[in-house]
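For reference, the structure is listed below as structure tokens.
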Amino acid sequence: MAQNGILQSSLAKKYAMAVTGLFLCLFLVGHLAGNLQLLTAASDGGRQFNEYAKFMTTFPAVKVLSYLTYFSVLFHLVDGVVLSLQNRKARPVRYAMERASTNAGWSSRNMMLLGTIVLVFLVTHMQNFWWQMHFGEVAMIDYDGESVKDLYTVVAAFFNPEMNRWALPAIGLYLLGQFALGFHLWHGFSSGFQSVGLRHPRYTNIISCLGKAFSVLVPVLFSAIVVFMYITQA
Amino acid sequence: MDFTLKIWRQEGPQEQGRMETYPVTGITGDMSFLEMMDVLNDQLIRDGQDPVAFDHDCREGICGMCSMFINGEAHGPNRKTTTCQLHMRSFKDGETIYIEPWRAAAFPVVKDLAVDRSAFDRIIQSGGYVSVNSSGNPLDANAIPVPKADADDAFNAATCIGCGACVATCKNASAMLFVSAKVSQFALLPQGQPERMSRVQRMVDQMDKEGFGNCTNTGACEVECPKGISLDNIARMNRDYLKSKVTGE
């Protein structure tokens, strides 16, 4: 069975899960670094953010990374579903009494649920911003003779309760998405290292601590930016 | 002590199973869980009923034969303890105790609480050995130096008794802890090196064929393992399998 294809074996599927997941962690760092510019964007009318957005959508190396990101998201999703279906099949009759919380953490037992919430958030998130930037109608703004899409105004308007009556529920979904992402990473970050066999008495604790810090810091900062944009415009 | 037992009863592999309730009385705290089951079966036989089938052998905690998912945990509530070494003093008088068989597609129920764990045997047959053609004039074992740390890790991996608690407790019914222990006990020693890469491939492939689930790294297996087999073994197997696929050995 495993000889037929690279992803036939259970371990290969886990390697793919780990590699795509850890790559997406790198994507989160980059995305967060970009978003942090929104905290100071009001001071220059969003110029720095808009120029950054243009760079991110046109620079060839970033293009390659973005396609890798789309691929990773889709692969992580499909691979995760396949693994979950196999796991369900591996236990056709459930226990009448199960005390799973005594031996494993909640997030590690609910990666599929957490991933699904993140996916729902991701779809709405991409529709709201990615789709607008790439295919929607975004006003152009002129910076020293260079015409740039004014993505900042789109983002600011989206989180402005006077411009968007759905701003508050959208922020609620955003926070829920970040909450799920945090718990997904709480297990996923260090689990990825274990899946590819990167475990060592000297480094495993460091990886685990790094993963926990990452899983708290990234969603909290993403959420803080959104809450900041809402409060400063409310 | 008196208990109310809720036990999975299933006449045969193809029959429909169900939970049934049995009261047991006159149990002492010093009885092992299996002895409590013996008392129940004695009562059932006296009443002309079918006794509950369950696996057991050495009753010394070393054979890996006893199983049972007790009150939602493999081998019951105590850590690093097989069911035969679990005593009734670990339960409260009057308690209701759920007793179920290991639940996994790869471990079909034979009858009641006894499951067929021969999937583990087939995994061992696929590569859990060292092919040494004995000359009848074996070298002194001490002629091959083994670092103490490696010997300890190999020994710890080899303490796996193959009971299947890892599979039973894993939310995915994955056999990764068992297979990784059996891979590691050879991978850590000089004698295991010649077949190291082919062994891990064959054993993982057989594991997949048997229909066990995939590893989510929840760590539940390590917690519930009566022998305390470490997740280090799973990481080692992940490394070796990756290496074997990359190098094509």
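The values are calculated or read from the model by the stated rules, or taken from the named source; none is laboratory data. Remember, predicted model here, so these are calculated numbers, not experimental data. Positions of Cβ are generated from backbone atoms using ideal geometry, with glycine treated the same way; all protein chains shown enter the neighbour counts.
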Subset of segment B:199-221, residues small (G, A, S) and either within 19 Å of A:M111 (Cα to Cα) or crowded, with 24+ Cβ neighbours inside 10 Å (or both), comes to B:G213, B:G219, B:A220
Hits in segment B:97-123 - residues which are outside any loop (DSSP other than H, G, I, E, B) and without any contact (Cβ under 8 Å) to a residue 60 or more places away in the chain
B:S118, B:F120, B:D121
Under 6 Å between Cβ atoms, at least 6 apart or on separate chains: pull out the pairs that start in segment A:132-146 with a residue that is hydrophobic (A, V, I, L, M, F, W, C) and end on any residue that is part of a loop (DSSP other than H, G, I, E, B) and at pLDDT 90 or above.
A:A139/A:D150; A:I141/A:D150
Could you tell me which residue of segment B:1-38 is nearest to B:V109 (Cα to Cα), considering only residues that are of a type in the set (G, A, S) and surrounded by fewer than 16 Cβ atoms within 10 Å (Cβ to Cβ)?
B:G12
Among the residues that make up segment B:85-97, is at least one of them in contact with a Lys or Arg (Cβ under 6 Å, 6 or more places away or on another chain) and either more than 9 Å from chain A (Cβ to nearest Cβ) or under 18 Å from B:F54 (Cα atoms) (or both)?
no
Do the conditions hold for A:G182, that is, is it within 14 Å of chain B (Cβ to nearest Cβ), touching a helix residue (DSSP H, G or I) at 6+ places or on another chain (Cβ under 8 Å) and either of a type outside the set (D, E, K, R) or more than 16 Å from A:H125 (Cβ to Cβ) (or both)?
no
Tell me whether segment B:157-165 contains one or more residues that are surrounded by fewer than 21 Cβ atoms within 10 Å (Cβ to Cβ) and more than 30 Å from A:P92 (Cβ to Cβ).
yes
Please verify whether segment B:222-245 includes one or more residues that are among the small types (G, A, S), touching a His at 6+ places or on another chain (Cβ under 9 Å) and crowded, with 22+ Cβ neighbours inside 10 Å.
yes
Selection from segment B:98-133 of residues that are of a type in the set (A, V, I, L, M) and more than 10 Å from chain A (Cβ to nearest Cβ):
B:V110, B:L113, B:A114, B:V115, B:A119, B:I123, B:I124, B:V130, B:V132
Residues of segment B:22-78 satisfying the condition of being over 20 Å from B:K227 (Cα atoms) and of a type in the set (D, E):
B:D30, B:E35, B:D38, B:D42, B:D47, B:D50
Of all residues being surrounded by 15 or more Cβ atoms within 10 Å (Cβ to Cβ) and part of a helix (DSSP H, G or I) in segment A:89-101, which is modelled with the lowest pLDDT? Just the residue, please.
A:A100
